[in-house]
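Working notes for the structure below.
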Amino acid sequence: MTAPVLSRPPRMLVLWCPDWPVVAAGAAAGLPAHLPAAVFAANRVVACSAIARAAGVRRDMRRREAQSRCPELAVFAEDPDRDARLFEPVVAAVEQLVVGVEAVRPGLVAVPVSGAAGYFGGEDTLVELLVDHVSGETGVECQIGVSDGLFAATLAAHRSLLVEAGTGASFLASLSVTELDQPGSERAELVDLLRRLGLRTLGAFAALSERDVVARFGSVGVLAHRLANGQDERPPHRRRPPPELFVTETFDPPLERIDVAAFMAKTLAGRFHSGLAARGLACTRLGIYATTERGEELSRVWRCAEPLTPEGIADRVRWQFEGWLRAGDGQRPTAGVSELRLEPGETVEGRSLQLGLWQGGDGGEHTPEADRAARALVHVQGLLGPDSVFTAVVEGGRGPAERFRLVPWGDQRTPSEGHDAPWPEQLPAPSPATVFEERVPVVVSGAAGVEVSVTDRHRLTGRPQRVAIDGGAPRRVLGWAGPWPVLARWWMPEAKTRVRMQVVLEGMSGSRSDIALLLEWQAKRSPLWTVEGMYD
Amino acid sequence: MSGGSVAELSAVRSGEAPESSELSELSAVARLASLPGVSTASGVAATAVHAQATGRVLPVLPALAGLLPWGGLRRGSTVAVHGSTSLLLALLAEATSSGSWAAVVGVPRVGLSAARELGVEVSRLALVPRPGADFASATAALLDGVDLVVAGPPGRFGGTQTARRLAARARHRGAVLLSLGPWPGAEVELRCAPVSWSGLEEGHGYLREREVAVEVGGRGAAARPVRTSLLLGPDGVVVRAVDPVRPALPSGGAAPSAEEVKVG
């Protein structure tokens, strides 16, 4: 080995949950673990469960091929937020036993092994204890590997190995060079190149001199070379619970008025923020906990897409007080707030506070109007709760209500795949300006007052002549068009035939306004016809 | 009108150095204009243009500009739209696509597809579908930061008192409060009645466009009623006929004198 060995990387224990995206997606959807499932991004398999793998599903496979090999495959979309959220309990379970836990990515936790192994009496005992504890606490299957350095320990975890101290490099040497391409590392190109150059094992790659690697492969190559050598890509940054960052304030006399609370919130937020900033941190999840004079505990956790500024923290505290103190009877605390605690639920490195040099670089708008609107919307969320303010995201769909998805303010607004695809059964513009959520029953009657229905071939059983809305008087039909069948999801067992029809109805006596409606018919339902939308 | 516009007008006039024959007439106008509460027609027009240029009036679709007394939605005003959600959405279109934000409170049934078809930039449209008992405080909070706030009728939420308080908040914050349905004390009221639909035949075709009769009334600058016939259809909003004087609504179908002006 020609590269100088700088220092042996610290011995690491890696706890790896196999196929974590699938496990998380299945847990979120309530899918039993014995059914095959796979997570897809851009129509390619990202991760699949062991059962799906046994049926022949592999990573990077197209969805069609995966489904042809395993027709009962449950398909999930990739969602890193979901993976991370569900992984939090696993990290917490590990943290109960060991300190200095670093979550590498959802599904992978690294722990420095030396201290804990000494405390629990050996690495074997620690590994055994962790596996039991994590599966007992969270019900998640995991594998553990121990080796020198994070990379080697990760590969050891994939194989459930305990690599002896000092033999990390020789453990790596026999492994395939494709192991360099771990998820998220984006080394596929480099690995491909190495393979074509005949460097099949990590050992062969590590045997090159670092100078040659720099000259030929650049900085990406050097990092990979360090890994292949058993070095660390970077020193581990330990995740520590930071209790000293909590800010607690007691109030005497207790806070009962919002303006007083707002004033206190400002100073408290300043203290809280400077405490974080002194450690180079900023907070993306803020927990606000209050205790009233009579011992009632109030709490609300605010999660934010961007790190909070002191003003942002003060605003949230103030809004939270407004939410609490202005709540309706029965929900309002019976006494003033005597103690207030701010907790950083999640911290990021402070440099993330830096604004982008170019506007719009992060996808969001940063005009003064958008910032003002954002503050107002967060304020309303403080009054009504986070699930009260929405913005709409374009979604592919057939019906007028299906073309947009409402996303709570603050969540990511990514349009779903296929939103701009042609949707065959969409009605052309105009769309109804009023879309009813609750179904308003109508009776469509034809000649001689017989109710009009739809045959199996999607034809009307008669000419619609009168329509009575919600039990009202029947109105004369001035024009009608349709019926247009909605054949979406015909393969689902619970799918029912649906049919849409547009009608223009004469105004009631006295008012001269005709109304145009979009009606929906559904087989074997009472009432047969409902109003889906109104063109008003 | 404000004293500022009158002062401006007289300043402009004095700079022109008028000829002696016009002088007496002008001085009469100036004397009238100097009375509090009196403004000249050119003064009104100049103020409207000035207000638009300085952003005190939010833009609307060109076809709708003629309906509104300020050629747009004046900041601080309250506009009530009766009988048509589409027209209300069309009012939001130009402002949201030029960067303003809009919010819809207490109208859970608003059709977003229709909004997009009418030209509303849906990514700048926030929805608070169910404010419940907090309707007033939520609307007030939105008026603080959002340029256009569409509210459901306040009747269910607290009545005239709430309505007046919110209108005052809008005036103070420079937002435009639009209501779907009656709003006590609204400055501008737009009443719409669909006159005719076209596109539907007996069992075939699609709803394509409709003619809507809009009657504009209100207080102050909007006190003079205007009646217009609009076409809402695939070409956006098109003015079909403007009739400021005739008392009756224009009858449906093709009026012989109707000149079709495509603006939208």
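Just so it is clear, none of the values below were taken in a lab; they were calculated from the coordinates. Remember, it's a predicted structure, so these values are computed and weren't measured experimentally. Cβ sites come from the backbone with ideal geometry, for glycine too, and all protein chains shown count toward neighbours.
Taking the longest Cα principal axis of chain A as reference, the axis of helix A:258-278 is set at about 30 degrees.
On a full-extension model of 0.36 nm per residue, what is the gain between A:VAL131 and A:LEU487, subtracting their alpha-carbon distance, rounded to one decimal in nm? Provide the component values of the computation, followed by the final result.
Working: separation 356, 0.36 × 356 = 128.16 nm, distance 4.91 nm.
Net length gain for the segment: 123.2 nm.
Rank-order B:165-177, A:473-485 by packing density, defined as the average count of other C-beta atoms within 10 Å over each peptide's residues, highest first. Could you put the intermediate results ahead of the total?
Details: B:165-177: 20.8, A:473-485: 18.4.
So the order, starting with the most tightly packed, is B:165-177, A:473-485.
Considering only the other residues whose Cβ falls under 13 Å of the Cβ of A:SER135, what net charge follows from Lys and Arg at +1 and Asp and Glu at -1? Result for the local shell: -4. Once the Cα atoms are used to define both axes, helix A:20-29 deviates from the longest principal axis of chain A by about 30 degrees. Around the amide H of B:VAL176, modelled in the peptide plane, lie the amide H atoms of B:GLY76, B:LEU148, B:VAL149, all under 5 Å away and 5 or more residues distant in sequence or on another chain. Ranking A:LEU197, A:ALA152, A:LEU172 by Cα position along the charge dipole of segment A:144-203, where only Lys, Arg, Asp and Glu carry charges on their C-beta atoms, puts A:LEU197 farthest toward the positive end. Pairing the Cα long axis of helix A:80-97 with the longest principal axis of chain A, what angle in degrees results, from 0 to 90 and rounded to the nearest 10? Relative to chain A, helix A:80-97 is tipped by roughly 40 degrees. Need one word for chain A: rounded, prolate or oblate. Basis is the Cα gyration tensor (sqrt eigenvalues a ≥ b ≥ c); a/c below 1.5 gives rounded, then a/b vs b/c decides. Since a/c reaches 1.5 but b/c is at least a/b, the shape of chain A is classed as oblate.
Using R0 = 51 Å, the C-beta based FRET efficiency linking A:ARG459 and A:GLU88 works out to 0.40. Of the GluC sites (Glu not before Pro) found in segment A:469-536, those that fall in a DSSP loop while having at most 12 other beta-carbon atoms within 10 Å are A:GLU494.
What full-extension length gain, to one decimal in nm, is calculated for A:SER68 and A:ALA50 as 0.36 nm per residue of separation minus the Cα-Cα distance? Working shown, then result.
On the way: separation 18, 0.36 × 18 = 6.48 nm, distance 1.69 nm.
Roughly 4.8 nm would be gained on extension.
Extending 7 Å from Cα along the Cβ direction at A:ASP252 and again at A:THR334 yields two label points whose distance is 2.3 nm.
With both labels modelled 7 Å from their Cα along Cα-to-Cβ, the A:ALA421 to A:ALA27 distance reads 3.1 nm.
Each of A:LYS266, A:LYS496, A:LYS524 was scored by other Cβ atoms within 10 Å of its Cβ. Arranged with the fewest first, they read A:LYS524, A:LYS496, A:LYS266.
Between beta-carbons, use under 10 Å as the cut-off and find the net charge around A:VAL452, counting Lys and Arg +1, Asp and Glu -1.
Working: positive: A:ARG463, A:ARG466; negative: A:GLU451.
Overall, the nearby charge balance is +1.
Take the Cβ atoms of B:ARG164 and A:MET508, set R0 to 25 Å, and the FRET efficiency comes out at 0.15.
How high is the FRET efficiency between A:PHE263 and A:ARG105 when r is their beta carbon distance and R₀ equals 51 Å, given to the nearest 0.05? Before the final figure, lay out each step's value.
Numbers: r = 42 Å, r/R0 = 0.83.
Step by step, r from the Cβ atoms, then E = 0.75.
If we count every other residue with Cβ under 12 angstrom of B:THR85's Cβ, Lys/Arg +1 and Asp/Glu -1, where does the sum land? Taking every Cβ under 12 Å from that of B:THR85, the sum is 0. Remark: spin-label model distance A:ALA278-A:GLU451 equals 7.4 nm, labels positioned 7 Å along the Cα→Cβ axis.
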